[in-house]
Amino acid sequence: MSRLIVVFLSVFFLLISTNSYSADVQKRSENAGNLKLTVTGFNSDMGELSISIWDSEEEFDKGEDDKPNPFMIDTALIKVKKSEKIFKNIPFKKYAIKLFHDENKNKDLDTNFMGMPDEGFGFSNNAMGQFGPPPFGEASFDFNKSDMSIQIELTNF
């Protein structure tokens, strides 16, 4: 009889913990979604697209010398002068995106002798800065849907 009670209690606690886990997974997915990024305006299919997603105005607006810390860094393939990437289970909040066409895959945005980019670049909202990147406020967007798409057109000099 005591063995039967132990088995019953074990199954009971297993079921409770499984339901609790399912509720946690469901809760997380209610506060996150998938972000589809489409980028156009490439000069070629060479190299890859380098993407950084930012969730902090302070970090986004830092210069490279200050070692900024993005929320996420990733790359995407380029096919027929277009790139698409889906970021899954991204928490709902405000973000901004910086990206560039890393044609030679050296992980850097190459510039000419005047400091102008030699590779295509872009920002969310297709924002443009005066003499450098735009501020976070101009490039940021509210990510608050289970499935959201944004498009960025590269700028090439």
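Since every read-out is calculated from the coordinates, none of them should be taken as a lab result. Keep in mind it's a predicted model, so treat the numbers as computed, not measured. Positions of Cβ are generated from backbone atoms using ideal geometry, with glycine treated the same way; all protein chains shown enter the neighbour counts.
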Can you list the residues, at least 5 places off or on another chain, whose amide H is less than 5 Å from the amide H of LYS82, using H built in the peptide plane? none
Phi to ³J(HN,Hα) by Karplus 6.51 cos²θ - 1.76 cosθ + 1.60 over the stretch 119-133, Hz, x for Gly, Pro: 10, x, 9, x, 9, 4, 6, 6, 5, 9, x, 6, 10, x, x
Along the Cα→Cβ direction, 7 angstrom out, place labels at MET114 and GLU30. What is the inter-label distance in nm? 5.5 nm
Per residue of the stretch 31-44, what does 6.51 cos²θ - 1.76 cosθ + 1.60 with θ = phi - 60° give for ³J(HN,Hα)? Whole Hz please, x for Gly and Pro, Karplus curve as stated. 10, 8, x, 9, 10, 9, 10, 10, 10, 10, x, 6, 7, 7
Do the alpha carbons of any pairs in LYS62/LYS85; LYS67/LYS93; LYS36/LYS81 sit beyond 20 Å of each other, and which pairs? LYS62/LYS85; LYS67/LYS93
Calculated on alpha-carbon atoms, Rg and Dmax of the stretch 49-157 in Å: 13.7, 44
Could you work out the mean projected area of the convex hull around the alpha carbons of the stretch 32-113, in square nanometres to one decimal? 6.1 nm²
